[in-house]
Amino acid sequence: MGRQRQACVDCHFFVRGFRDPGTGVGHTLDVGREQRDSSRSNDYSWRLTGETLKCDFGVWDEGFQPDPSQRHDRVVNTDRADFCFFWPWRPGMLLPAARVLQERAAAGREANRDRRLTVWGLWIAVAALVVNIIVTWWK
């Protein structure tokens, strides 16, 4: 089985942002199921004027001068597996909870990798000891 493709359109951290012109305060809004489905069809008509599409983890942001010609590639076509903070979108889950769960999963993957390397190192050490015993016994 191959690895699963991870695109922003399927990520929990794919959000809409806007800055209140009166106060200058930034706000983050969820991107719902219908909007995600429209995005897969290269339809971003749901995006309101003044909104920017972005990754809540800060990987990318359309900023003040979005380039609509690259939007679909950035949101749907770019596979971000193995180099991003991807967390599958779950309707109703708030961003802080998704952030904690994503960080916990990443820490678990790192711990599993460290454990696996430690086990390999132990097996190599045991093999070296066995070879040393055989060579010593042979003499």
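Name the residue that is nearest to Phe18 (Cα to Cα), counting only residues in region 38-50 that are surrounded by 12 or more Cβ atoms within 10 Å (Cβ to Cβ) and free of Cβ contacts under 8 Å to residues at least 24 places away in the same chain. Top of the filtered list is Trp46. In region 56-81, the qualifying residues are those that are out of contact with any Lys or Arg (no Cβ under 7 Å at 6 or more places or on another chain) and within 11 Å of Ala7 (Cα to Cα), and the one that is surrounded by the fewest Cβ atoms within 10 Å (Cβ to Cβ) is Asp73. Taking the numbered list (1) loosely packed, with under 12 Cβ neighbours inside 10 Å; (2) in a loop (DSSP other than H, G, I, E, B) in turn, Ala111 passes all entries but (2).
Among the numbered conditions (1) buried (at least 19 other Cβ atoms within 10 Å of the Cβ); (2) under 25 Å from Arg109 (Cβ atoms), the only one that Met93 does not meet is (1).
Restricting attention to region 35-65, the residues being under 26 Å from Pro96 (Cβ atoms) and over 21 Å from the mean Cα position of the chain (by Cα) number 5. The criterion of being touching a Lys or Arg at 6+ places or on another chain (Cβ under 9 Å) and surrounded by fewer than 13 Cβ atoms within 10 Å (Cβ to Cβ) does not hold for Leu53. Taking the condition assigned to a helix (DSSP H, G or I) and in the same structural domain as Asp37 (by TED's automatic domain parsing), does Asp73 pass? Yes. Screening Arg113 against (1) at pLDDT below 90; (2) over 34 Å from the mean Cα position of the chain (by Cα) leaves a single unmet condition, (2). Kindly provide the set of residues from region 1-37 that are assigned to a strand (DSSP E or B), exposed (fewer than 15 other Cβ atoms within 10 Å of the Cβ) and among the hydrophobic types (A, V, I, L, M, F, W, C), ordered by number. Leu29, the sole residue that qualifies.
Scanning for something part of a helix (DSSP H, G or I) and either within 18 Å of the chain's Cα centre (by Cα) or of a type outside the set (Phe, Trp, Tyr) (or both), does region 88-96 turn up at least one residue? Yes, some residue in region 88-96 is part of a helix (DSSP H, G or I) and either within 18 Å of the chain's Cα centre (by Cα) or of a type outside the set (Phe, Trp, Tyr) (or both).
The values are calculated or read from the model by the stated rules, or taken from the named source; none is laboratory data. From a predicted model like this one, the values you see are computed outputs, not experimental measurements. For neighbour counting, all protein chains shown are included, and Cβ atoms are generated from backbone atoms with ideal geometry for every residue, glycine included.
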